[in-house]
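Take a look at the structure below.
The values are calculated or read from the model by the stated rules, or taken from the named source; none is laboratory data. Everything quoted here is computed from the prediction, not taken from an experiment. Every residue, glycine among them, receives a Cβ derived from its backbone with ideal geometry; neighbour counts consider all protein chains shown.
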Amino acid sequence: MIVRPAPEGLWLFTQSAHALLAFQMAEHWGNRTTPRPAPRAEVLAAVLLHDAGWDARDSEPRVLSDGSLAHFARWPEEGEREQLWEDSLAAARRRARYVEYLVGHHILHLAETYSASRHAPFVQALQQRLAELAEELHRQTRYRQVFATGQDATNRGIIRTVDALALRLCLSPPHNWTLEGVPTRTGLQPLRVKKLAPNTFHLYPWPFVGNQLSLWVEGRCLPVRLPALAEELRHHWRQAPVQVLCFHLRRGGVAI
């Protein structure tokens with residue numbers, strides 16, 4: 001669950017809703033200065049499935065033992081995370097090997113960035129699996145050029161970027177922020193984001209088709225403040241209507 005404090009209460013978004021927000025960005029990614037995802041079907045599937053392990057765990061909000069709301073950074077606990085990652089990999093594996101490969105690299109990035117020392121055996125096994133997948137995929141005509149041209153690194157960079165953008169939009173974004181390591185045709189560059197209005201932003205360099213992009217995500221706004229009892233929170237969740245939060249991204253200039 002992703003939590004966004006608001007004057008009217010708390011906006012809550014499931015990880016699955018966040019993944020669909022990221023998918024909308026990936027679907028429109030690419031222009032003369034930003035390489036497009038390729039092969040398109042597999043990359044878009046990986047974006048949609050990169051957090052699929054949450055699907056069965058994120059249907060209702062939870063309150064932790066200390067009274068705080070469970071959210072993506074605090075739950076599941078460390079012992080549960082590996083199973084969540086395994087479930088995400090399994091969902092990707094059922095689609096295609098390259099989808100599994102891309103989702104695997106996303107999970108490896110998470111594990112190595114945030115908690116590699118606590119998941120050393122998992123990380124080692126995943127690295128071995130990804131090496132095996134890469135060897136298999138290199139032998140396939142559909143994927144040979146993906147690896148030979150560097151497109152694979154571009155695909156992985158796109159997934160990291162749209163995931164991070166979608167997460168930041170669901171949270172309450174700061175006035176200005178920067179995402180590092182965004183793939184462009186001239187190499188990795190920082191992506192600068194400037195807030196123009198509560199849900200309207202300028203981006204530079206502009207990575208999408210056209211000059212502006214409108215996005216949406218479904219969530220629920222609960223008229224409660226924490227700490228709240230678990231049953232009270234779930235009651236508000238079940239009673240709250242699903243609402244749509246919209247975002248508007250615009251091409252920004254070099255000065256932002």
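For this structure, a couple of remarks:
- Arg94 out of contact with any Cys (no Cβ under 8 Å at 6 or more places or on another chain), under 18 Å from Leu49 (Cα atoms) and charged (D, E, K, R): yes
- Residue, nearest to Glu80 (Cα to Cα), within the stretch 133-146, restricted to residues that are surrounded by 11 or more Cβ atoms within 10 Å (Cβ to Cβ) and free of Cβ contacts under 8 Å to residues at least 12 places away in the same chain: His138
- Only one of Leu188, Leu203, Leu179, Leu171 that is surrounded by 12 or more Cβ atoms within 10 Å (Cβ to Cβ), of a type outside the set (Gly, Ala, Ser) and under 30 Å from Asp66 (Cα atoms): Leu171
- Filter result (modelled with pLDDT of 95 or more, within 19 Å of Met1 (Cβ to Cβ) and basic (Lys, Arg)) within the stretch 71-108: none
- Criterion: crowded, with 17+ Cβ neighbours inside 10 Å, in a helix (DSSP H, G or I) and in contact with a Pro (Cβ under 7 Å, 6 or more places away or on another chain) - qualifying residue of Leu110, Leu126, Leu84, Leu102: Leu84
- Sole residue being among the aliphatic types (A, V, I, L, M), in contact with an Asp or Glu (Cβ under 7 Å, 6 or more places away or on another chain), buried (at least 18 other Cβ atoms within 10 Å of the Cβ) and over 22 Å from Gln151 (Cβ atoms), chosen from Ala22, Ala17: Ala17
- Flag for Thr186 being more than 16 Å from the chain's Cα centre (by Cα) and in contact (Cβ under 8 Å) with a residue 40 or more places away in the chain: yes
- Residue pairs whose Cβ atoms lie under 9 Å apart, sitting 6 or more positions apart in sequence or on different chains, and linking a residue in the stretch 56-67 that is without any contact (Cβ under 8 Å) to a residue 60 or more places away in the chain and surrounded by 16 or more Cβ atoms within 10 Å (Cβ to Cβ) to a partner that is part of a loop (DSSP other than H, G, I, E, B) and among the β-branched types (Val, Ile, Thr), are Asp58/Thr14.
- The set of residues in the stretch 113-123 that are over 20 Å from the mean Cα position of the chain (by Cα) and either among the charged types (D, E, K, R) or loosely packed, with under 14 Cβ neighbours inside 10 Å (or both) comprises Ser117, Arg118, Ala120, Pro121.
- Extreme residue, modelled with the lowest pLDDT, among residues of the stretch 209-222 that are more than 15 Å from Arg250 (Cα to Cα) and more than 18 Å from the chain's Cα centre (by Cα): Leu222
- When Ser214 is tested against the conditions (1) touching a His at 6+ places or on another chain (Cβ under 9 Å); (2) part of a helix (DSSP H, G or I), the lone failure is (2).
- Residue in the stretch 153-164 that is at pLDDT 95 or above, surrounded by fewer than 13 Cβ atoms within 10 Å (Cβ to Cβ), among the charged types (D, E, K, R) and assigned to a helix (DSSP H, G or I) present: no
- Residue match in the stretch 223-240 (condition: modelled with pLDDT of 95 or more and exposed (fewer than 14 other Cβ atoms within 10 Å of the Cβ)): no
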